[in-house]
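Engineer: Here you go, one structure.
The values are calculated or read from the model by the stated rules, or taken from the named source; none is laboratory data. These numbers were taken from a predicted model, which means no experiment stands behind them. No Cβ is skipped: glycine too gets one built from the backbone with ideal geometry, and neighbour counts run over all protein chains shown.
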Amino acid sequence: MAVRLGAPSAVGRSQADVMRLIESVLLPGLVAWHQSLPACVDERRAVELARRLIGPTGAGVRELLCEHYAGHGSLHRLFTDLVEPAARRLGDRWAADDCSEADVTIGLCRLLSELRQIDGAGTRVAGHAGRAALVVPLPGEPHMLGAALDAESLWQAGWLPQSEYPETDAALQSLVAARHYDVLCVSLSPSFRRSHRLDRLAQAIARARAVSQNPNLVVVVSGRAFHEDRSAARRVGADGRSRWASRFELLH
């Protein structure tokens, strides 16, 4: 993962500010995953997993997830190699009229439900006590998988994630203003590009910074839109994008 320094951030932080953020907030999350290998998408299994997720009963989904997890022993690898690509394949099937939007939503719910059943996937590392993260989908985003996986990744890395599902932008601002957070993670759909929601996300991020108790709040975004267009995260005013939130990619 490359970390680029020197350019000012969207909110005008100095290089010294960015270095402090890296040392105090970003690096602890990365260290927890220092043994993780680079993502290597299992395209064949991702396509098959997407097919099973929209089947009548979702049969065989858990078996595919467990096989991959047993082979790598890493939740991060499971997310980046299989879960994230399968979510995108669901979106591709919808774009090709192979399934409905409701099928995609049901498939993502099945995927999250089965992930929670994997034995041994709930191991937590020690450390990072007091590091608080607010994890939310953008208000109005019905696909919760990204937010759920961000929260799980951060929890396993020793953080204190608070998962919320605000229904309005005002509710999100109230959550951010209520206590001190080190990081705000905001997700869009892992399946659909949602390019029409980027302007609204940018406004939500700007308002969150304005009301935050933390003047150095780090904002991380996730979703298909940011996987396919790395510049999108910078355009909405985020500090980084997530694959998933425990492995931040700093933008500035």
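Engineer: Being closer than 30 Å to Ala50 by Cα, at pLDDT below 95, among the aromatic types (Phe, Trp, Tyr) and not assigned by TED's automatic domain parsing to the domain that holds Ser74, is that true of even one residue in region 188-207?
Structural biologist: Among the residues of region 188-207, not one is closer than 30 Å to Ala50 by Cα, at pLDDT below 95, among the aromatic types (Phe, Trp, Tyr) and not assigned by TED's automatic domain parsing to the domain that holds Ser74, which makes the answer no.
Engineer: Further question on the same structure: Taking Asp239 as meeting all but one of (1) at pLDDT below 95; (2) surrounded by fewer than 24 Cβ atoms within 10 Å (Cβ to Cβ); (3) over 25 Å from Glu101 (Cα atoms), write down the number of the exception.
Structural biologist: Unmet condition: (2).
Engineer: What single numbered condition from (1) touching a residue at least 60 places away in the same chain (Cβ under 8 Å); (2) at positive phi fails to hold for Ala238?
Structural biologist: (2)
Engineer: With the requirement that a residue be surrounded by fewer than 21 Cβ atoms within 10 Å (Cβ to Cβ) and either small (Gly, Ala, Ser) or not in a helix (DSSP H, G or I) (or both), what does region 69-90 give you?
Structural biologist: If the condition is that a residue be surrounded by fewer than 21 Cβ atoms within 10 Å (Cβ to Cβ) and either small (Gly, Ala, Ser) or not in a helix (DSSP H, G or I) (or both), then Ala70, Gly71, Gly73, Ser74 are the ones that fit.
Engineer: For region 43-61, give me each residue that is among the basic types (Lys, Arg) and modelled with pLDDT under 95.
Structural biologist: Arg44, Arg45
Engineer: A further question on this structure: Filter region 62-104 down to residues that are within 16 Å of Leu149 (Cβ to Cβ) and out of contact with any helix residue (DSSP H, G or I) (no Cβ under 8 Å at 6 or more places or on another chain) and give me whichever is modelled with the highest pLDDT.
Structural biologist: The selected residue is Thr80.
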